[in-house]
Amino acid sequence: FVENSNVDAFEKAAAQFLGVNHTLMVNSGTSALICALTALGIGPGDEVILPAYTYIATAATVVAAGAVPVIAEIDESFGLAPADVLRKITPYTKAILPVHMQGVPCRLEMLVSLAREHHLKVVEDCCQCVGGKYKGGYAGTRGDAGAWSLNYSKVISCGEGGLVITNDFNVFERAAFSSDPAMPLWMGEKVWQNLPFSRQCYRPSEITGAIARVQLSKIEDILSHTRQLK
């Protein structure tokens, strides 16, 4: 929303790289997941299914959104086992949160199909799979929203940072409200399409935006080197 800034330049470059309509930079991958869940209307009383094998932040973000994390088994993909996800669905389930661990995409096609069948949202945790591909498309672009981490141990880094990924403007705008409690104050009333609300502050800095933009310009070389090491 802040045009002609380093953060804005990074967001536009990331959206072009991924081939999606909208990206929103925040201050961590954890924050990106919280904003994505909040943007999709996930909150108190809702259940979100996530894998047993993941970083603690995946479950913590569900709790931060006010929802209940439900743990499901993984399979040989290191990701959610669709059969166990099906067993864990209840009337309270509102979303599936698949995680692409260690750069390995999970069985996303089956999970998205399962979610659509049961009218559930899908948020892809791509914090360990920045730039990873699944069946011709980038991880993070198949669900209702996705999330990158840009911290010191990830594929590209700006020290600490995150990115919300979506093709839906309403999800993007609600994620933006979730990331910046002041946003409804300085945006004109005719600008937004959704009812504004206030949450915590997950804004990134211009310094991290500038570093992330340059890092993104090197991502193909970084991925090539990573794959050679693998």
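The values are calculated or read from the model by the stated rules, or taken from the named source; none is laboratory data. Note that the structure is a prediction, hence the values are computed from the model and not measured. Cβ placement follows ideal geometry from the backbone for every residue including glycine, while neighbour counts extend to all protein chains displayed. Keep in mind that these areas ignore ligands, DNA and RNA; they rest on the heavy atoms of the full protein, side chains included. Shrake-Rupley method; radii C 1.70, N 1.55, O 1.52, S 1.80 Å.
Structure notes:
- Some residue of region 146-160 being among the β-branched types (Val, Ile, Thr), assigned to a helix (DSSP H, G or I) and buried (at least 18 other Cβ atoms within 10 Å of the Cβ): no
- Checking each residue in region 4-56 for being part of a helix (DSSP H, G or I), touching a Gly at 6+ places or on another chain (Cβ under 6 Å), under 28 Å from residue 75 (Cα atoms) and not hydrophobic (A, V, I, L, M, F, W, C) picks out 29, 31.
- Test result for residue 71, of a type in the set (A, V, I, L, M), outside any helix (DSSP H, G or I), over 12 Å from the mean Cα position of the chain (by Cα) and surrounded by 23 or more Cβ atoms within 10 Å (Cβ to Cβ): no
- Subset of region 101-123 (residues that are in contact (Cβ under 8 Å) with a residue 40 or more places away in the chain and surrounded by 22 or more Cβ atoms within 10 Å (Cβ to Cβ)): 106, 121, 123
- Applying the set (1) open to solvent by less than 50 Å² (accessible area, probe 1.4 Å); (2) at pLDDT 95 or above to residue 206 leaves exactly one unmet item: (1).
- Of all residues in region 31-45, those satisfying the criterion of being open to solvent by less than 20 Å² (accessible area, probe 1.4 Å) and not polar (S, T, N, Q) are 32, 33, 34, 35, 36, 37, 39, 42, 43.
- Scan of region 219-230 for residues that are open to solvent by 50 Å² or more (accessible area, probe 1.4 Å), of a type outside the set (Asp, Glu) and either in contact with a helix residue (DSSP H, G or I) (Cβ under 8 Å, 6 or more places away or on another chain) or more than 17 Å from residue 153 (Cβ to Cβ) (or both), ordered by number: 224, 226, 227, 228, 230
- Filtered by the rule that a residue be of a type in the set (D, E, K, R) and either buried (at least 20 other Cβ atoms within 10 Å of the Cβ) or in contact (Cβ under 8 Å) with a residue 40 or more places away in the chain (or both), region 124-137 gives 124, 125.
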